[in-house]
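Read the structure below first, then the notes.
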Amino acid sequence: MSLDTLRETLPAYAKDLSLNLSSLAAETTLTDQQKWGAFVASAHAVGQAEMIRATEAAAIQAGLAPEALTAAKAAAAIMGMNNVYYRALHLISNPEYRTLPARLRMNVIANPGVAKADFELWSLAVSAINGCGMCLDSHEAELKTHGVAAPQIQAALRIAAVVNAVGHVLAAEQASQGAEKLAA
């Protein structure tokens, strides 16, 4: 399924999401690798099958290299773990847990297989979806050390926001259709 086909399946109440998805697919603030990696990482973070298939197809069609596709998926995977752990450390009022080593493997962060700035950008997008302020601050600071400008960071956050919302609309529509079938 293409992104355009996916957009056509969105209900009328999600027209703004469809328009945003279209404009973000044409985004030029980011390189194509940064943009499509952000789409793929965000879709994997949301976990909605149609969204994943459409973004991966669009990314591959746009020329996203296999190693970048893998790295974007890795960003979603590692942040799925880190965002829960570090958000919990931030939320627990007992500061003792912040002094303990995480003792979680995170090797992919050091060697993601793509430019470090791109991987950090994708990790930031996933952290926004997963709601980890501690990780957002950490990845934003790292992006700044790599010279990534605020408009580029904002573009990745916009992609994350729209992919997240579209994924939730698709899941809700599937659930609603299932409920209609049960009622019939």
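The values are calculated or read from the model by the stated rules, or taken from the named source; none is laboratory data. Values in this document were obtained by computation on a predicted structure and should not be read as measured data. Reconstructed Cβ throughout: ideal geometry from the backbone, glycine too, with neighbour counts over all protein chains shown.
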> For the stretch 112-184, which helices (runs of 4 or more DSSP H) that fit wholly inside it have 2 or more residues that are in contact (Cβ under 8 Å) with a residue 60 or more places away in the chain?
Replying inline: 116-130, 150-183
> Does Arg105 fit the bill of being more than 18 Å from the chain's Cα centre (by Cα), assigned to a loop (DSSP other than H, G, I, E, B) and among the basic types (Lys, Arg)?
Replying inline: yes
> Restricted to the stretch 108-144, and to residues that are of a type in the set (S, T, N, Q) and at pLDDT 95 or above, which residue is farthest from the chain's Cα centre (by Cα)?
Replying inline: Ser138
> What helices (runs of 4 or more DSSP H), lying completely within the stretch 1-102, carry at least 2 residues that are exposed (fewer than 15 other Cβ atoms within 10 Å of the Cβ) and free of Cβ contacts under 8 Å to residues at least 40 places away in the same chain?
Replying inline: 3-9, 15-25, 49-61, 66-91, 96-99
> Do you know which of the residues in the stretch 81-101 that are within 18 Å of His139 (Cα to Cα) and of a type in the set (S, T, N, Q) is nearest to the chain's Cα centre (by Cα)?
Replying inline: Asn83
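So is Glu120 surrounded by fewer than 23 Cβ atoms within 10 Å (Cβ to Cβ) and among the acidic types (Asp, Glu) or not? Steps first, answer last, please.
Numbers: surrounded by fewer than 23 Cβ atoms within 10 Å (Cβ to Cβ): no; among the acidic types (Asp, Glu): yes.
For Glu120, the condition - surrounded by fewer than 23 Cβ atoms within 10 Å (Cβ to Cβ) and among the acidic types (Asp, Glu) - is not met.
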>> For the stretch 51-102, which positions are farther than 24 Å from Ile159 by Cβ, in contact with a helix residue (DSSP H, G or I) (Cβ under 9 Å, 6 or more places away or on another chain) and among the β-branched types (Val, Ile, Thr)?
In response: Ile92
